[in-house]
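First comes the structure, then the notes that go with it.
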Amino acid sequence: MEEQKNELREMTISFALSVSDICENIKGCRAYTEQIVRSSSSIGANLFEAKYAQSRADFINKLEIALKECSETEFWIELLHRKKKLSDEDYKTLNRAKGTIQRMLIASITTAKNNIAK
């Protein structure tokens with residue numbers, strides 16, 4: 001389980017860096033690129049905060065916020081792609097990474113909630 005947590009943390013850092021790198025080359029959509037950089041980096045920030053949660057409920061809450069940020073990032077990816085500011089390749093790459101992170105967060109949230117019930 002600890003290995004999976006470390007893998008997810010590394011994935012969120014890599015994802016935020018990828019988003020930031022791609023956004024550096026996008027012209028004319030500053031408001032959108034600032035939003036996607038914030039939401040994509042917030043996924044990892046909330047995951048890191050969860051490590052020092054004050055309770056199981058706080059831990060779950062941080063993971064759920066990270067999941068919400070993942071969803072917001074998905075919106076900005078879609079918006080930039082529809083505006084033709086993201087190439088099809090970047091769109092697919094970011095969506096694939098976002099989807100993997102999202103699934104891992106959902107699994108972690110489910111496990112944490114199941115552990116409360118025990």
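Each value in this text was obtained by applying a stated rule to the coordinates, not by laboratory testing. All of these numbers come straight from a predicted model, not from anything done at the bench. Don't worry about glycine lacking a Cβ; one is built from the backbone with ideal geometry, like all the others, and counts go over all protein chains shown.
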If LYS84 satisfies all but one of (1) out of contact with any Cys (no Cβ under 8 Å at 6 or more places or on another chain); (2) among the charged types (D, E, K, R); (3) in contact (Cβ under 8 Å) with a residue 60 or more places away in the chain, what's the number of the condition it fails? (3)
Can you name the number of the only condition in (1) more than 18 Å from the chain's Cα centre (by Cα); (2) in a helix (DSSP H, G or I) that GLY28 fails? (2)
Subset of region 33-92 [outside any helix (DSSP H, G or I), surrounded by fewer than 17 Cβ atoms within 10 Å (Cβ to Cβ) and at negative phi]: LYS51, TYR52, ALA53, GLN54, SER55, LYS83, SER87
Filter result for PHE15 (touching a residue at least 60 places away in the same chain (Cβ under 8 Å) and either assigned to a loop (DSSP other than H, G, I, E, B) or out of contact with any Phe, Trp or Tyr (no Cβ under 9 Å at 6 or more places or on another chain) (or both)): yes
Return yes or no: is TYR52 more than 16 Å from the chain's Cα centre (by Cα) and of a type in the set (Phe, Trp, Tyr)? yes
I'm trying to understand the selection: among the residues of region 66-98, which are farther than 17 Å from SER20 by Cβ, under 11 Å from the mean Cα position of the chain (by Cα) and among the basic types (Lys, Arg)? LYS68
